[in-house]
Amino acid sequence: MNTTIRSSREGRVAVVELNRPEAMNAVDTVLRRELLTALDEVARDPDIGAVVLCGQGKAFCSGADLKAAAANPDTSVRRTARTLLHDFQPILETITRLDKPVIAAVNGAAVGVGMSLVLACDLVVMDQNAFLMSPFVNIGLMPDGGAAWFLTRRLGYARAFELMAEGEKLRADRCLELGLANRVVAPDTLRENALQWASKLAAQAPLALALTKRLARLSMSANLSDSLTLEAEFQTFLASTSDAREAIAAFAEKRTPNFKGS
C-alpha cells in the first residue's frame with residue numbers, strides 16, 4: 001500500500017498525488033520508488049486517458065529530502081550519480097514517454113527536482129501563489145533532474161542559463177509570461193481546473209493523442225525532414241484506425257464520437 005503517493009481516479013483521469021505534506025512533499029527514497037510504481041501502473045491502464053500530478057498540503061514539491069540525505073551514512077559521489085541515474089531519471093523519462101498527457105497542478109513551491117517534475121509534464125496549471133525555483137547554485141551545486149535540458153528547450157540558452165545561474169524564484173505570473181505554465185488560477189480552483197482540463201483531454205481519441213504527444217516531444221530534437229517523415233508514418237497509422245472511422249461517422253451523424261483506442 002502506497003504511503004508517500006496517493007493515487008485515485010476521476011473518470012478516465014488518474015490523479016497521482018505526492019503525499020508527504022509534513023515535509024512539503026520532499027522526495028525521499030520511498031517517494032521516488034512509489035511515484036515510479038504509480039506512473040507505471042497508469043501507463044499500463046488502458047482506461048486512463050490523462051494524468052494529473054499534484055502535491056498534498058502547502059507545496060507541490062520542495063525538492064530532494066536533504067534531511068534524509070544528511071542522515072544517510074553513504075555520502076559518496078557514487079551515491080549522487082546513482083540517485084540521479086537510477087532513481088530520478090526513470091521517473092522523468094516515464095512522464096515524458098507516457099502515451100497520455102500529464103498535467104502538473106502546482107500549488108506552492110516546486111523547487112529543485114520538484115521543478116523538474118513540473119517541467120517534465122506536458123501541461124502546467126499553477127495557482128497564483130505557486131512558484132518554480134532551481135536554487136542549486138546557492139548551495140554550491142548545479143541544477144539536476146534534467147532542469148538544464150527542460151529549461152533550455154523551452155526558453156533558449158540565454159534565458160535558461162540566466163534563471164539557473166541566478167537561482168531566481170519564478171512566480172506563477174512570470175512562469176505564464178515565459179511559457180513555463182499554461183494557466184494560472186486561483187488557489188481554491190487549482191484541482192478542479194486541472195481535473196476539468198484532464199477530463200477534456202481524456203475524451204479525445206487515445207491513439208491520436210498519444211502520437212501527437214510523441215511527435216511533439218521528438219520534434220524538439222529532430223530536424224524538419226525527420227519530423228515530417230515521422231508525421232507521415234504516424235498519420236498513415238491513425239488513418240487506418242477504428243477511431244478515425246468513428247470520428248468521420250460521428251461528424252456526418254452530428255454526434256459525439258465514441259473512441260475506443262483502436
With Ser227 itself left out, Lys, Arg at +1 and Asp, Glu at -1 over residues whose Cβ is under 12 Å from its Cβ give -1
Computed ³J(HN,Hα) along segment 190-197: with the Karplus parameters 6.51/-1.76/1.60, θ = phi - 60°, integer Hz and x for glycine or proline, the list is 4, 4, 4, 4, 5, 5, 5, 5
In Å³ per residue, the alpha-carbon convex hull of segment 206-253 encloses 67
Charge tally for neighbours of Glu162 with beta carbon under 15 Å away, counting Lys, Arg as +1 and Asp, Glu as -1, is +1
Scoring the chain by relative contact order with C-alpha pairs under 8 Å, at least six apart, yields a percentage of 17
The exposure ranking of Met142, Met115, fewest beta-carbon neighbours within 10 Å first, is Met142, Met115
Once amide hydrogens are built 1.01 Å from N within the peptide plane, the residues lying 5 or more places from Val184 or on another chain with amide H under 5 Å from its amide H are Met126
Expressed in Å to one decimal, the Kirkwood Rh of segment 178-231 from all distinct alpha-carbon pairs is 13.5
Checked segment 109-262 against the a/c 1.5 cut and the a/b vs b/c comparison, axes a ≥ b ≥ c from its Cα gyration tensor; verdict oblate
Using the Kirkwood formula on alpha carbons, the hydrodynamic radius of the chain in angstrom works out to 19.4
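Since every read-out is calculated from the coordinates, none of them should be taken as a lab result. Quick caveat, the model's predicted, so the values are computed rather than measured. Heads up, the Cβs are rebuilt from the backbone with ideal geometry, glycines too, and the neighbour counts pull from every protein chain shown.
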